[in-house]
1. Could you please report the charge total around GLY465, scoring K, R as +1 and D, E as -1 over all other residues with beta-carbon less than 12 angstrom from its beta-carbon?
2. Given the C-alpha atoms of the chain, compute the convex hull and give its volume per residue in Å³.
3. List the residues whose amide H sits under 5 Å from the amide H of ASN436, counting only those 5 or more places along or on another chain, with H placed 1.01 Å from N in the peptide plane.
4. Add -39500 (n - 2.57) for each DSSP H run of 4 or more in the chain, then divide by its residues: what number comes out at 222 nm, to the nearest 500 deg cm²/dmol?
5. Check which residues have an amide H placed less than 5 Å from ASN204's amide H, if you skip close sequence neighbours.
6. What list of ³J(HN,Hα) couplings, whole Hz, do you get for segment 472-483 from phi and the Karplus terms 6.51, -1.76, 1.60, once you set θ to phi - 60° and write x for glycine and proline?
7. Points 7 angstrom from Cα along the Cβ direction at ASP378 and MET424: gap in nanometres?
8. Bin all alpha-carbon pair distances of segment 96-191 at 5 Å intervals from 0 and give each bin's fraction as a whole percent.
Amino acid sequence: MMEVSSRTPGNFIGGTWECEASEWMESINPANGEILAHLPKSSRHTAQRAIAVASQAQRSWEKTTAWERADLCRRLADAVDAAAQHLGRVISLDQGKPRQQAEGEVSKAADGLRLAADLGKYLTGETIPTETPGRLVMTVRRPRGVYAVITPWNFPVNIPVEYLAPAIATGNSVVWVPAPSTSLVAVEFMAVLEKAGLPAGVVNLVLGEGPVVGDEIVSNPGTAAVGFTGSAATGRRIAERAAGKPLLLELGGNGPLIVRADADLAKAAEAAALGAFSNAGQICAATGRVLADKRIAAQLGELISEHARAHVLGDPLHQGTTMGPLNNQDVLEKTRAHVEGAIRAGASCITGGRSRSDLGSELFFEPTVLLDVDPGMDVARYETFGPVVPILALEGDGELMETAQDSDYGLSMGIFSEDLGKAMAMATQLRAGIVNINERSNYWELHIPFGGGSRTQSGVGRIGGRHTMEAMTEIATVTLPLERFE
Ligand code: NAD
């Protein structure tokens, strides 16, 4: 086992680390298959205990002022910044992204904590005029209670912070179940929050399998609401199991980058490559398909391939590596099946297309560009979540728009065109949470609303800045008859 942690990793419940379990799961370095740690595969009973502890802690946590909670968020942010190198290294080892990108993720998490500190102070209610004379009617925002938070492995620090920071700042408590394949990161991150003075029970970490401990925290009546980021299939299951609770569901995408014939092709190619290859394509807002006007599709393919070939695939800890391995076998198998299926059905692979076990693990997958892709191929229809750019050559705006919308997903999209009026008209019609014009599909900042479009499978609700804070609080109305005076 490689030395990553100074502690035996375990659950963190009520401010105490617990390391006993009857079943264990392995934390594996995707770059070489090495076992990094053994982690508890917790039972439903452990999750139930964490909910009870979180519920008790929440009752006193909500009595603190927004200013006290903001101070804590700032202290946590400073501690996260100070631990950036350590956390970055653990992310690289456990998740697989290159060291510099991993440290960037940690720094964004610190920003998220500071943003919540700022916004928590300015969450206000309102006073409402009444038909009845002599009434004062006002609303206040109050925390919901215990939040069930379940997170995926692609951004194992950033995505949890999207829920944890606003929850802490608004007076909620949390039971957090991270993805098994990056649970070691969760342990190290939690340890940083603990050392910075997180009060006992405000955030509780329970490690284990989603269908067991994740299901427990979602369905248990002791949790008031759910924050979930992950696949559409799991999101649907969670919506059923959490029936009646407020939900934030941040699910999958298969974002198109639409490239009109009048686009600046060099910029469009750069955006496509950034959108599709960052984090080895393991981003919900990744460019999952490039929809190009057929007059420029081949040229665009060549330009994107130049970016693909410039990537350095290798050990995430090596200086100079720009793309690490995929995180796990399931993603590799889906990526491989999508690429090989497309080639069998007539697509041409202009670069990449294979896994590189010579680099230490078959999870290394070359950045890939496919031409002559048909809308019916799996690589175009479904989310790949790997470093693949399928290019579809289409005829004019009508076909570009129709194909963009012909998807179960609607998370984030991009349009490249020099005709801003046309691009704007297209953007406002597309069914997606965010459409970026002349920009990569995955551009986003922490305070910008982000989420799935209605009538799609990309999720429910909006995260980002005040939008998450509002979702994590509820409006309570208070009315008062006023006394008459002479
Ligand atoms: P996943 O749905 O398989 O797992 C996500 C989490 O849910 C994990 O922690 C898992 O243990 C847990 N889980 C699994 N089954 C569960 C159940 N029955 N009950 C409760 N929890 C359960 O997804 P993944 O493969 O880890 O993540 C990749 C997916 O996440 C992609 O589809 C990606 O697009 C999506 N994603 C979305 C966003 C967003 O903001 N919209 C961000 C990142 C990732």
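1. Working: positive: ARG114, ARG462, ARG466; negative: ASP111, ASP118, GLU162, GLU445, GLU470.
Its environment carries a net charge of -2.
2. On the way: hull volume 75.1 nm³, N = 486.
Looking at the chain, the number lands at 155 Å³ per residue.
3. MET413, GLY414, ILE415
4. -11500 deg cm²/dmol, from helical runs alone.
5. Here VAL174, VAL175, TRP176 satisfy the definition.
6. Result, rounded to whole Hz: 8, 10, 10, 8, 10, 9, 10, 10, 8, x, 8, 6.
7. Taking the two extended label points, one gets 4.2 nm.
8. 2, 12, 18, 19, 15, 10, 7, 5, 4, 3, 3, 1, 0
Values in this text are rule-based calculations from the coordinates and carry no lab data. Here the structure is a predicted model, which is why all the values come from computation and not from measurement. Counting neighbours? That spans all protein chains shown, and the Cβs are built from the backbone with ideal geometry, glycine included.
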